[in-house]
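Engineer: My questions will all concern the structure given below.
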Amino acid sequence: MELFPALEKRYTREPLTAREAQRAAQFIAFGPIVFQVSRLMIKFGILDLLREHDEGLTLEEIAEKTALSAYAVRVLLEASLSIGTVLVDMKSDRFTLSKTGWFLLTDASTRVNLDFNHDVNYEGWFRLEESLKEGRPAGLEHFGAWPTVYEGLSQLPPQVQKSWFAFDHFYSDHSFDEALRVIFSRPTRRLLDVGGNTGRWALRCVAYDPQVEVTIMDLPQQLELMRQQTAPKTGSERIHGYGCNLLDEATPFPTDHPYDAIWMSQFLDCFGEEEIRSILGRAARIMTEETRLYIMETFWDRQKYETAGMCLTLTSLYFTAIANGNSKMYHSEAMRQSVEAAGLEVETIHDFLGWGHSIMICRKKQ
């Protein structure tokens, strides 16, 4: 297994002493309460208050400012000391914000991950064991009787939708500027956006290049959401829809035009490996020698920092229990193997785009 240096350092040798390892094991055992306490320290405004008062606050002052009982504040603060999000001065009994608490409160990706895990995943993960054994998203039944989350996305409760889209858009949006430069470095007049969702990428494309025509290939219900989102925007007349279910192996890719670019952003991680090979095989059939297939993914092995790799491998379990039961955040070599099985080859890979994306550029085998 190949790993980028930061991950190799962490994952191939023991970094902890025995005492540190024992504490880490207990931290895992109490993981659910660690999560909920930390979430409520934000929701109740306690971490915000501590950030605003460098000199610290006493338990009584926090209770008064939050209108929580002294008991509620005490159990949250004491747990947060153990978690590591707050510190206490033993002489004055004043609590202050730790570095970890500061990141929990202010780091944008951490907040997106926190909301996503609470609103979308938390209750469904209770059925993770069932999902792993049966190969289906058993945790999704908490929301509805859909085979995958994508069919039910437009019907999820508003707060769940908000957190789902915030998670999905946060990571892709931070990569779009660099991705546009990569794609449009080649002549691109027709672009097929596979799994284009609400059309955010398509809008960026038509704004970037005044001549490009974009076709979004997605579920019919997703195309309705896309049309609602793009209709009032400049360039929307150059955004088209092709409704289909890509899990149906009989569904072909559109052949109305030859496409210069086929774009798959945070898309293939929504499928199992056999499904990926089917999708890539159908894409390959409509590609010419000049067509390039761009796969933008957060490959967990190609991260600059280990923290990102950790977030990605843990996010895989969202796909297991909630999304579809059989997909994950992939190692780049697994994706390369699927590309080659589809009759394509990897021409080059661009790494470190945005918040850890890579773009794998593929062409027909020479």
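The values are calculated or read from the model by the stated rules, or taken from the named source; none is laboratory data. A quick note: this is a predicted structure, and the numbers were derived from the prediction, not measured. FYI the Cβ positions are ideal-geometry reconstructions off the backbone, even for glycines, and counts take in every protein chain you see. Quick note on the areas: whole protein, heavy atoms, side chains included, nothing else; ligands and nucleic acids left out. Shrake-Rupley method; radii C 1.70, N 1.55, O 1.52, S 1.80 Å.
Engineer: What are the residues in the range 247-261 that are surrounded by 11 or more Cβ atoms within 10 Å (Cβ to Cβ) and either among the charged types (D, E, K, R) or not in a loop (DSSP other than H, G, I, E, B) (or both), if any?
Structural biologist: Glu249, Asp260, Ala261
Engineer: Within the range 156-165, can one find any residue that is closer than 29 Å to Tyr294 by Cβ and in contact with a Lys or Arg (Cβ under 7 Å, 6 or more places away or on another chain)?
Structural biologist: Checked the range 156-165: no residue is closer than 29 Å to Tyr294 by Cβ and in contact with a Lys or Arg (Cβ under 7 Å, 6 or more places away or on another chain).
Engineer: I'm trying to understand the selection: among the residues of the range 335-352, which are open to solvent by 10 Å² or more (accessible area, probe 1.4 Å) and either part of a strand (DSSP E or B) or within 24 Å of Phe176 (Cα to Cα) (or both)?
Structural biologist: Arg336, Glu345, Val346, Glu347, Thr348, Ile349, His350, Asp351, Phe352
Engineer: Sticking with this one: Do we have Glu61 as open to solvent by 70 Å² or more (accessible area, probe 1.4 Å) and either free of Cβ contacts under 8 Å to residues at least 24 places away in the same chain or outside any helix (DSSP H, G or I) (or both) here?
Structural biologist: no
Engineer: Give the residue, chosen from Val149, Val120, that is in contact (Cβ under 8 Å) with a residue 60 or more places away in the chain, in contact with a Phe, Trp or Tyr (Cβ under 6 Å, 6 or more places away or on another chain), farther than 22 Å from Ile83 by Cβ and of a type in the set (A, V, I, L, M, F, W, C).
Structural biologist: Val120
Engineer: Here's another thing I want to ask about it. So Gln266 fits all but one of (1) farther than 21 Å from Arg189 by Cβ; (2) open to solvent by less than 70 Å² (accessible area, probe 1.4 Å); (3) in contact with a Leu (Cβ under 9 Å, 6 or more places away or on another chain); what number is the exception?
Structural biologist: (3)
Engineer: So His169 clears everything in (1) assigned to a helix (DSSP H, G or I); (2) touching a Leu at 6+ places or on another chain (Cβ under 7 Å); (3) open to solvent by 20 Å² or more (accessible area, probe 1.4 Å) except one condition, right? Which one?
Structural biologist: (2)
Engineer: Can you give me the ranges of the helices (runs of 4 or more DSSP H) entirely in the range 172-232 with at least 2 residues that are in contact with a Ser or Thr (Cβ under 8 Å, 6 or more places away or on another chain) and crowded, with 21+ Cβ neighbours inside 10 Å?
Structural biologist: Result: 200-208, 220-230.
Engineer: Restricting to the range 244-270, name every residue that is among the small types (Gly, Ala, Ser), over 23 Å from the mean Cα position of the chain (by Cα) and closer than 25 Å to Ile359 by Cα.
Structural biologist: Within the range 244-270, just Ala261 meets the criteria.
Engineer: If you go through the range 104-119 one residue at a time, do you hit one that is under 30 Å from Leu268 (Cα atoms) and either more than 33 Å from the chain's Cα centre (by Cα) or of a type in the set (Phe, Trp, Tyr) (or both)?
Structural biologist: Scanning the range 104-119, I find at least one residue that is under 30 Å from Leu268 (Cα atoms) and either more than 33 Å from the chain's Cα centre (by Cα) or of a type in the set (Phe, Trp, Tyr) (or both), so the answer is yes.
Engineer: Restrict the check to the range 6-13 and report whether at least one residue is part of a loop (DSSP other than H, G, I, E, B) and more than 16 Å from Thr85 (Cα to Cα).
Structural biologist: yes
Engineer: Can you confirm whether Val37 is outside any loop (DSSP other than H, G, I, E, B), in contact (Cβ under 8 Å) with a residue 24 or more places away in the chain, open to solvent by less than 20 Å² (accessible area, probe 1.4 Å) and over 19 Å from Leu114 (Cβ atoms)?
Structural biologist: So Val37 does not fit the description; no.
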